[in-house]
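Data first, discussion second: the structure below is written as structure tokens.
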Amino acid sequence: MVAKFFQKLNDYGSAIQFLVMSKCNDEAFQLAQTHNQMEVYADIIGPDATPEDYQSIAVYFENEKNNFLAGKFFLLSGQYTKAMKHFLKCNSEDSQAIDLAIETVGRANDEQLTRQLIDYLMGETDGMPKDARYLFRLYMALKQFREAARTAIIIAREEQNAGNYRNAHDVLFSMFQELKQNKIKIPAEMQSNLMILHSYILVKMHVKRGDHMKGARMLIRVANNISKFPSHIVPILTSTVIECHRAGLKNSSFSYAAMLMRPEYRDQIDFKYKKKIEMIVRRPDKSEEEEPLTSCPVCSFQLPETDLLCPECQNNLPYCIATGRHVLKEDLTACPSCDFPAILTEFSSLLESEENCPMCSEKVNKDVLQKIVDTQPYLAPSEGTE
């Protein structure tokens, strides 16, 4: 009765709702079909829908030539091949259609459908390769973490080449966490790239806090890997010269200033720094205090605090997310959100002026940081499966 009342008011959405409540699904479907309210009907039956209901809705949208909604409801009815056919007919820029195609393959676990979607994403089907992020999400949906890791490295490299260093950092970080969670060995290239990008992100933080020595040390690491920052070579080398000079690392400042004087870089130097850099090269001051030595957290050998490879035990050392230095066994903590290690006193000090973890960007209260007693999992993390 209520449904009929709303029908007279031309409020078909409410009429459909009351027909569904009265278990009159056929009438509700007919009404939706007649008055172009099928999406409303689909929303209303929601969790109570049977695969047959979803199939009827899918067929309706198929007849209406609405590929996206036909695909969506074939997916819900469990007819994955039909769903995929419709999603691949959608506009190639329709990210929702690609997302649902990825979900379809994840649910179907069908090799032929997977191959079909990979070909589509690689551009084999229409000559237009899609954003690599879709391929990454597909591999994640299929739990093919090694392929996902390779794709993540490619995506991060593209972001890095375009100068989007935070994006590149976050892509690698999220993939790192996925692999760790699934106990899969993290590729050395991913670990190394994440460390270099993280060192770059720390520079701004330390310079802003007026700690030019920490900023300079991280810039030296970045400058030694300058080929990974192709769109900002001259600005990064310029910053390295300036920060090393401020920190009293005169010899390092001279080395990078001399690099900037090469013909391919010289004309790109910012005018306001050019005279200073030329002067550093003309009147070299080779004085430089030695980098402080701290204990290797694995074998206790004394090595420079920013070195991440111990010459004694040959271990790659975990780095502190607050400073970029190798961690110290007797002063170890970890971010409560991402579980990356840090030097406790340094991380606490950083959190006096920063709110978030520099690695995962989550808010961290310094009072919850705890000293780690069982350091073994952080110093020799499980390798995971190959």
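The values are calculated or read from the model by the stated rules, or taken from the named source; none is laboratory data. These numbers come from a predicted model, not from an experiment. We place every Cβ from the backbone using ideal geometry, glycine too, and count neighbours over all the protein chains shown.
Please enumerate the residues belonging to the range 118-170 that are touching a Phe, Trp or Tyr at 6+ places or on another chain (Cβ under 9 Å), in a loop (DSSP other than H, G, I, E, B) and not small (Gly, Ala, Ser). Matches in the range 118-170: Asp126, Lys130.
Looking at this structure, is Val327 on the phi < 0 side of the Ramachandran plot, at pLDDT below 95 and among the β-branched types (Val, Ile, Thr)? Considered against the rule, which asks whether it is on the phi < 0 side of the Ramachandran plot, at pLDDT below 95 and among the β-branched types (Val, Ile, Thr), Val327 comes out as no.
Considering the range 222-292, there are no qualifying helices (runs of 4 or more DSSP H) wholly inside with 2 or more residues that are acidic (Asp, Glu), under 17 Å from Thr306 (Cβ atoms) and at pLDDT 90 or above. Residue count for the range 293-341, restricted to those that are in a strand (DSSP E or B), over 23 Å from Gln181 (Cα atoms) and under 30 Å from the mean Cα position of the chain (by Cα): 2.
Step by step: first the residues of the range 159-169, then only those that are in contact (Cβ under 8 Å) with a residue 40 or more places away in the chain and surrounded by 15 or more Cβ atoms within 10 Å (Cβ to Cβ), then the one that is nearest to Thr323 (Cα to Cα). Which residue is that? Please lay out each step first, then the result.
Pass one, the range 159-169, residues in contact (Cβ under 8 Å) with a residue 40 or more places away in the chain: 160-163, 165.
Imposing the further condition that a residue be surrounded by 15 or more Cβ atoms within 10 Å (Cβ to Cβ) reduces the set to 160, 165.
On the way: Gln160: 21, Tyr165: 18 Å.
For the range 159-169, the residue satisfying everything is Tyr165.
Which residue is surrounded by the fewest Cβ atoms within 10 Å (Cβ to Cβ), if the candidates are limited to the range 243-292 and must be basic (Lys, Arg) and within 24 Å of Arg209 (Cα to Cα)? So the residue we want is Lys272. Does Thr114 qualify as being over 18 Å from Ala58 (Cα atoms), of a type in the set (S, T, N, Q), in the same structural domain as Ala49 (by TED's automatic domain parsing) and modelled with pLDDT of 90 or more? Yes; evaluated as a whole, the condition is true for this residue.
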